[in-house]
Amino acid sequence: MSLFRKNRSLLLASAAAGVAVAASIAVIGTAEAASTLGASAAQSGRYYGAAIAAGKLGDATYTGILTREFNAVTPENEMKWDATEPSQGRYTFTNGDRILNQGLSNGSKVRGHALLWHAQQPGWAQSLSGSALRSAAINHVTQVATHYQGKIYAWDVVNEAFADGGSGARRDSTLQRTGNDWIEAAFRAARAADPNAKLCYNDYNTDGVNAKSTGVYTMVKDFKARGVPIDCVGFQSHLGTGIPGDYQANLQRFADLGVDVQITELDVAQGGNQAGIYASVTRACMAVSRCTGITVWGIRDSDSWRTGENPLLFDNSGNKKAAYTSVLTALNAGGSTTSPAPSSPSSSPSPSTSTSPQPGGACSASVSLNSWNGGFVATVRVTAGSAPVNGWTVGVTLPSGSAVTSAWSATGSGTAGTVSFRNVDYNGQLAAGGTTEFGFQGTGAGPTATPNCSAG
């Protein structure tokens, strides 16, 4: 997303105002409603995140809302090409690392944004073309993804490469003129640099079924058929006074290709039914099992790039708006748990996962790791057996020298050796076969042994 998007009318284009997205909700059991956005999204294995700026992390109100409400972060500008490689071959990661550390310290997923984009290129890259630009671009992808290897949940590898209008064609840009395979080359380079990060394509005005979204759909379908590594598609969802009536259907058709879908830059103009539109977007994501999360582009209205439109969930003073309440209600209503279909190893390697046995009426647990040199984040999924569960406890054994530093959506006992995690009030009750997730961050190496789960 650009700070200086020129064609605002296209960006805010939407179908008939106020169209509610139909959602088929399958409620998973919870003891009571969660009271924050991130905790509520986590009940169904999803995240609810915010795009943040390094320069605002000294604002106590800003960081207070961020750490309380959100379980994912995206850098607004700090990981883009001009910010990370201001002169060729000289990399600057200071502000990108601040965003990363802010997210990890709060136990949040971190979305990287964005490796390649026709805008916000450094001046030296703008002067290149052809093979020189292609080489520089792929090297940039490799170097940045390598720097953040093992720490990024998902990368927007390529951003906004399709043209507006009715053609469904690629955008004419210096990157496109290096050859039509430039997007494929970027995804392959990103996969080689960070095998476990989710690799996403991200764009705007693709929220409904239209020529532009169909162009993206055709590319993703081709990539999946040929084994090009793509794991997810991001839908920016900068909305005006309504949303497309086929919003959910559009998400679903991409999910049916075998990729995750994510709402990546959500904001809604306050002039229309803002609360209703936010709720409709949330319900649509909850109804699509492969919709793994939602990110709003900013925290307070005063932080938004859409000056004067008050498009976010908190007002200028940090107070919750009606849109906040509508989102929280929709998240707490439940939805499909995220259980993506397996992908071939060549196109979507997944983190190592271990699972405990699942006797009838009891529970099982699996752990997925996001590790780096000196630390890790572990996400644990708890699954009920053939009978409902009323409370659960998971035991995790850490390798020697490792320690837990923080946990979320569970109460931990102990920090080293065998650590026990107990459900909190909102995620202890699971229907038969139901799931919930909690997580913890630590120093050293992450757990490799199978976790134990006991019910009751």
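List the relative contact order of the stretch 84-202 as a percent without decimals, with contacts defined as Cα pairs under 8 Å and 6+ residues apart.
For the stretch 84-202, the relative contact order is 30 percent.
Using the Kirkwood formula on the Cα atoms of the stretch 204-304, what hydrodynamic radius do you get, in angstrom to one decimal?
Computed over Cα pairs of the stretch 204-304, the Kirkwood hydrodynamic radius comes out at 13.9 Å.
Given Cα positions, please report Rg to Rh for the chain, the hydrodynamic radius being the Kirkwood one.
0.95
Pairs K80/K109; K109/K321; K221/K320; K56/K80; K212/K320; K212/K321: which exceed 29 Å Cα-Cα?
Flagged as over cut-off: K221/K320; K212/K320; K212/K321.
Computing the accessible area with a 1.4 Å probe over protein heavy atoms, can you report the carbon and sulfur percentage for the chain?
51 percent
Rounded if a/c is under 1.5, else prolate if a/b is larger than b/c, else oblate: which is the stretch 373-429, with a ≥ b ≥ c the root eigenvalues of its Cα gyration tensor?
Cα axes put the stretch 373-429 in the prolate bin.
What percent do you get for the relative contact order of the chain when only Cα pairs under 8 Å and 6+ apart count?
Here the relative contact order equals 18 percent.
Under a no-solvent Debye model with one identical scatterer per Cα of the stretch 81-123, what's log10 I(q)/I(0) at q = 0.31, 0.34 Å⁻¹?
-1.08, -1.17
Rounded to the nearest whole Å³, what is the per residue volume of the convex hull around the Cα atoms of the stretch 135-212?
Spread over its residues, the Cα hull of the stretch 135-212 gives 89 Å³ apiece.
Given a Förster distance of 60 angstrom, what is the FRET efficiency for S129 paired with D59, based on the Cβ-Cβ distance and rounded to 0.05?
Between S129 and D59 the formula returns 0.90.
Evaluate the distance, in nm, between pseudo-label points positioned 7 Å from the Cα of S35 and of A387 along their respective Cα→Cβ axes.
About 3.3 nm, to one decimal.
Hey, can you rank 96-105, 155-164, 436-445 by average C-beta count inside 10 Å, highest first?
Peptide ranking by packing, descending: 155-164, 436-445, 96-105.
Could the peptides 40-50, 231-241 be put in order, highest first, of the mean number of other beta-carbon atoms found within 10 Å of their residues?
For the peptides 40-50, 231-241, the packing ranking is 40-50, 231-241.
Give the shape of the stretch 89-237 as rounded, prolate or oblate, defined through the alpha-carbon gyration tensor: a ≥ b ≥ c are the square roots of its eigenvalues, a/c under 1.5 means rounded, and otherwise the shape is prolate if a/b is larger than b/c and oblate if not.
Oblate shape, in that a/c is at least 1.5 and b/c is the bigger or equal ratio.
Considering only DSSP beta bridges whose two residues both sit in the chain, what percent are antiparallel, to the nearest 5?
Antiparallel: roughly 55 percent of the beta bridges in the chain.
Would you please state the base-10 log of I(q)/I(0) at q = 0.20, 0.21, 0.25 1/Å for the stretch 39-128, with intensities from the Debye formula using one equal scatterer on every alpha carbon?
-0.90, -0.96, -1.19
From the Cα gyration tensor of the stretch 88-157, with a ≥ b ≥ c the square roots of its eigenvalues, which class applies: rounded if a/c is under 1.5, or else prolate if a/b is larger than b/c, or else oblate?
prolate
So how do 289-297, 219-227, 80-88, 322-330 stack up, highest first, on mean other-Cβ count within 10 Å?
Per-residue mean Cβ counts within 10 Å order the peptides as 289-297, 322-330, 80-88, 219-227.
The values are calculated or read from the model by the stated rules, or taken from the named source; none is laboratory data. Computed from a predicted model, the values in this text were never measured in an experiment. Methodologically, a virtual Cβ is constructed for each residue, glycine included, from the backbone with ideal geometry; neighbour enumeration extends over all protein chains shown. Side chains included, ligands, DNA and RNA excluded: accessible areas come from the protein's heavy atoms. Shrake-Rupley method; radii C 1.70, N 1.55, O 1.52, S 1.80 Å.
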